[in-house]
Amino acid sequence: MVDIQEEVFRASIAANVPVFMKGLSGIGKSSVIRDYATASRRHLERVVMMHKEKSDVSGIPSLVEESHTTEFALPGWASRLIDADRGLLLLSEFNLADEDVQKACMNILQERQVGENTYLPESVAIVLDGNPPDYSAGASDLPGPIANRMLHLGWELDREAWLNGMSTGFPIPEKIVDDADARPERVARERSLILTFLDAHRHLIHDQPSDPSGAGGPWPSPRSWDNAIQVLSRLDEAKVDAQRMALGGLVGDRAADGFMRWRIEAADFDLRAVLEDPSAEDWTHHHPSKTLTVLGAVSSYAVDRGELATWKKALEVLLHCAEVTGRKDVCLRSARLLLSRAPKGAQIPRRAEDAFGPMLRSVGAWR
């Protein structure tokens, strides 16, 4: 479990999704973050939220003499992070802060805005830590709009590592490379899996709990599903436990369990193999949800790449699927995406015009 939580933590950092480490007091959350900042060569700025006022986060109004206007001055911690090559902002003891101080962080958590009109660079990671309200006097559940902006990660103590460290000394953190981009095919694959799942379970696109306690944790929204795509794209596909932990921390247990059960069948395909040979998939025996997932991943990947050769291959996959199954309708969403986002120099083949043109025109989606 400890190894899994570290994997999810690193994936969230790599995806630039704020991560809220919630665990019992005294188990070493701050030490883990400090060691991580050291190992990843990031400048660390720790802002202890319970000691701050709203102006410490949003900035103090200051007069701009040249324009005779007032702007919010940039806090010192933000200025130092902007100047650093790479940084990590730790909003510590976050759920011990007053609610107005927490709300002042909303733009930081999603838009990365600090001060009047300044933004933290993508090289700055954002981490929060806090204690469960049931175990900490003064700690509270987060307001729903704030809770939905982050990955909630329950943090457990690695008891064996602590015993070993106390006995023989704690090891110096090894260098970590944590900013690798997700491969384009992984992003396309995860996007297609999630969108196809949500197309069949539309109530889970946005399902905010009505009770404050539930809304103070992870729950499904377009924002949290988008974050899920980015985080899942940076996790090993074979590590189902890490995927489940990340997804549960973003959209909640109910949505995560439903998606993971559905994913077992739908995710069983090789995107690159399908592009090279459309007959690599047995289209006639697919469940419709898997067909939609594969076609969605192929078309999304081709559009993201923007390459003519990849676009042609993706269109060939759609045409092959339509021809061998006789189900042009399941190809329409992907066909609409490919045909409307054709790269420069692309020509629509007559086969594609004949196969998809009439149906797309009937819904006003094609010229």
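Figures for the structure shown
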{"quantity": "Furthest towards positive pole of dipole, GLY130, ASN117, ALA182, structure part segment 111-263, Cβ charges", "calculated": "ALA182"}
{"quantity": "Amide H contacts of LEU88 (H built 1.01 Å from N, under 5 Å, at least 5 apart or other chain)", "calculated": "HIS43, LEU44, GLU45, ALA125"}
{"quantity": "Charged-residue dipole, Cβ positions (Lys, Arg, Asp, Glu), segment 64-161 about Cα centre, Debye nearest 20", "calculated": "180 debye"}
{"quantity": "Under 5 Å, built H, 5+ apart or other chain: amide partners of TRP155", "calculated": "LYS22, GLY23"}
{"quantity": "Sum of side-chain charges, ARG272 neighbourhood, beta-carbon under 13 Å (Lys, Arg +1; Asp, Glu -1)", "calculated": "0"}
{"quantity": "Computed E for SER167/TYR135 - FRET, C-beta separation, R0 41 angstrom, nearest 0.05", "calculated": "0.90"}
{"quantity": "Total formal charge among the other residues, if their Cβ is under 12 angstrom from that of VAL101, Lys/Arg +1 and Asp/Glu -1", "calculated": "-3"}
{"quantity": "Coil-residue GluC sites (Glu not before Pro) of segment 79-125, DSSP, other Cβ within 10 Å capped at 15", "calculated": "GLU111, GLU122"}
{"quantity": "Vicinal HN-Hα couplings computed from phi for segment 216-224 (Karplus, 6.51 cos²θ - 1.76 cosθ + 1.60; Hz; Gly/Pro x)", "calculated": "x, x, x, 7, x, 7, x, 5, 6"}
{"quantity": "Residue-count net charge about GLY216 - beta-carbon cut-off 13 Å; Lys, Arg +1, Asp, Glu -1", "calculated": "-2"}
{"quantity": "Dipole of the chain [Lys/Arg +1, Asp/Glu -1 at C-beta], most positive-end residue of ILE60, VAL240, SER279", "calculated": "SER279"}
{"quantity": "Segment 253-349: C-alpha gyration tensor shape, a/c 1.5 cut-off, then a/b vs b/c", "calculated": "prolate"}
{"quantity": "Segment 118-165 shape via C-alpha gyration tensor axes, a/c threshold 1.5", "calculated": "oblate"}
{"quantity": "Cα gyration tensor, segment 173-310 - rounded (a/c under 1.5), prolate or oblate", "calculated": "oblate"}
{"quantity": "Helix 288-305 axis, angle to the chain major axis (alpha carbon atoms, nearest 10°)", "calculated": "70 degrees"}
{"quantity": "In sequence order, calculated HN-Hα J values of segment 95-101 (Karplus, 6.51, -1.76, 1.60; Hz; x Gly/Pro)", "calculated": "7, 9, 6, 4, 4, 5, 6"}
{"quantity": "For segment 78-93, 3J(HN,Hα) per residue [Karplus equation, 6.51 cos²θ - 1.76 cosθ + 1.60, θ = phi - 60°, Hz, x = Gly/Pro]", "calculated": "5, 4, 5, 5, 5, 6, 6, 5, 9, x, 9, 9, 10, 8, 8, 6"}
{"quantity": "Gaussian network model of the chain, springs between alpha carbon atoms under 10 Å - residue of GLY296, GLY248, GLY214 with greatest fluctuation", "calculated": "GLY214"}
{"quantity": "For ILE60, residues with placed amide H under 5 Å, excluding near neighbours", "calculated": "ALA73"}
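Where a number appears in this text, it was derived from the coordinates with a stated rule and is not lab data. All values reported here derive from a predicted model rather than from experimental measurement. Quick reminder, even Gly has a Cβ in these numbers, built from the backbone with ideal geometry, and neighbours come from all protein chains shown.
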